[in-house]
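The values are calculated or read from the model by the stated rules, or taken from the named source; none is laboratory data. None of these values were measured; they are calculated from a predicted model. Here the Cβ is made from the backbone with ideal geometry for all residues, glycine too, and neighbour counts use every protein chain on show. Accessible surface areas use protein heavy atoms only, side chains included; no ligands, DNA or RNA. Shrake-Rupley method; radii C 1.70, N 1.55, O 1.52, S 1.80 Å.
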Amino acid sequence: MPLVSMSEFLPQAKAGKFAVGQFNMNNLEFAQAITEAAKEEKSPFIFGVSEGALKYMGMEYTVAIAKAAADSSGLPIALHLDHGSSFDVAMKCIRAGFSSVMFDGSHYSFEENIRLTKEVVRAAHAMGVSVEGELGTIGGVEDDISVDEAHAALAKPEEAIRFYEETGVDCLAIAVGTAHGMYKGEVKIHFDIIKEVVAKIPVPIVLHGGSGVPDEMIRQAIQAGAGKINVNTENQVACTNAIREVLNKDSKVYDPRKYLTPARNAMKEVVKEKIRLFGSSNKA
């Protein structure tokens, strides 16, 4: 089937108290591992593509790989720009074939974030493309962007509700204590913020920084109203560890297929575990 917007499955996720995973696509092996896992679990999913990954893979290859995954699997798959930095980047992705975009205006003032996000929503919705917005500052490292966790700012519930009402985004990422990358300290998610916001808006909350969060906290976040959860670092770690293991065992290995196949298999297992944890198995 063709790529779909997140509106094809996020309303069901919110209503059914499950979450759909965004798994970042960094190359062909990531795409294959994610798709194979989702196919076995019969789950919808979201390919997340950061601007850094887009530069690495190229727009044409990125869209072609995602379309091939959707066509061959028959699953509802959204191709989603992750942390889009501008209106222009979002529009380039939409024109190229992305079915969903995120505009991350969290580093702007609250009023400017609303204004810029509204522009993206207006243009994207006219083309049947879903939009994710962001409020608050999420700590950790993603691509080359680093935010010290001490300077991460939690979202204010009243601002999150107003942000949705004025922008009409399809889902909203709010800073509730998670961080990009793997955690160095104790994880503390503010479930009260999620509950307060979700009770007042009809769309789900997005949990960024899903890697390394204890399973029970993920379950609690979903019950509170998180309908989209992002995972990238755990796949990157599984991929790299598998490659390192093969090369450490035999220094004569030079065929990339000999180490990329175990890497792909390792990522596939991570994704299957996450899909089961999120409750999206058999929801495709």
Hey, which of the helices (runs of 4 or more DSSP H) in region 181-284, taking only ones fully inside, have at least 2 residues that are under 22 Å from residue 81 (Cα atoms) and touching a helix residue (DSSP H, G or I) at 6+ places or on another chain (Cβ under 6 Å)? 233-249, 256-278
Show the residue pairs that are 6+ apart or on different chains and have beta-carbon atoms under 8 Å apart, the first residue being within region 186-197 and on the phi < 0 side of the Ramachandran plot, the second being part of a helix (DSSP H, G or I) and open to solvent by 50 Å² or more (accessible area, probe 1.4 Å). 189/220; 191/220
Looking at 281, 251 in this structure, which one is over 20 Å from residue 24 (Cβ atoms) and in contact (Cβ under 8 Å) with a residue 24 or more places away in the chain? 281
Scanning region 71-128 residue by residue, those under 30 Å from residue 42 (Cα atoms) and among the polar types (S, T, N, Q) turn out to be 72, 73, 99, 100
Would you call residue 107 at positive phi and open to solvent by 20 Å² or more (accessible area, probe 1.4 Å)? no
Index of the failed condition, residue 232 passing every other in (1) among the polar types (S, T, N, Q); (2) open to solvent by 60 Å² or more (accessible area, probe 1.4 Å); (3) touching a residue at least 40 places away in the same chain (Cβ under 8 Å): (2)
Filter region 18-66 for residues that are in contact with a strand residue (DSSP E or B) (Cβ under 9 Å, 6 or more places away or on another chain), under 17 Å from residue 284 (Cβ atoms) and not small (Gly, Ala, Ser) and give the result. 18, 20, 22, 23, 34, 35, 44, 45, 46, 47
Within region 240-284, of all residues that are among the hydroxyl-bearing types (Ser, Thr, Tyr) and more than 19 Å from residue 228 (Cα to Cα), the one most open to solvent (accessible area, probe 1.4 Å) is 254
Tell me whether region 138-152 contains one or more residues that are modelled with pLDDT under 70, in contact with a helix residue (DSSP H, G or I) (Cβ under 8 Å, 6 or more places away or on another chain) and either open to solvent by less than 20 Å² (accessible area, probe 1.4 Å) or in a strand (DSSP E or B) (or both). yes
What tally of residues in region 196-216 results from selecting those that are surrounded by 17 or more Cβ atoms within 10 Å (Cβ to Cβ), over 20 Å from residue 48 (Cα atoms) and out of contact with any Pro (no Cβ under 9 Å at 6 or more places or on another chain)? 1
Test: residue in region 60-82 that is free of Cβ contacts under 8 Å to residues at least 24 places away in the same chain, charged (D, E, K, R) and surrounded by fewer than 16 Cβ atoms within 10 Å (Cβ to Cβ): no
Can you pull out every residue in region 4-33 that is open to solvent by less than 10 Å² (accessible area, probe 1.4 Å), within 22 Å of residue 94 (Cβ to Cβ) and either free of Cβ contacts under 8 Å to residues at least 60 places away in the same chain or of a type in the set (A, V, I, L, M) (or both)? 6, 10, 20, 25, 31
Name the residues in region 54-89 that are under 19 Å from the mean Cα position of the chain (by Cα) and acidic (Asp, Glu), would you? 82
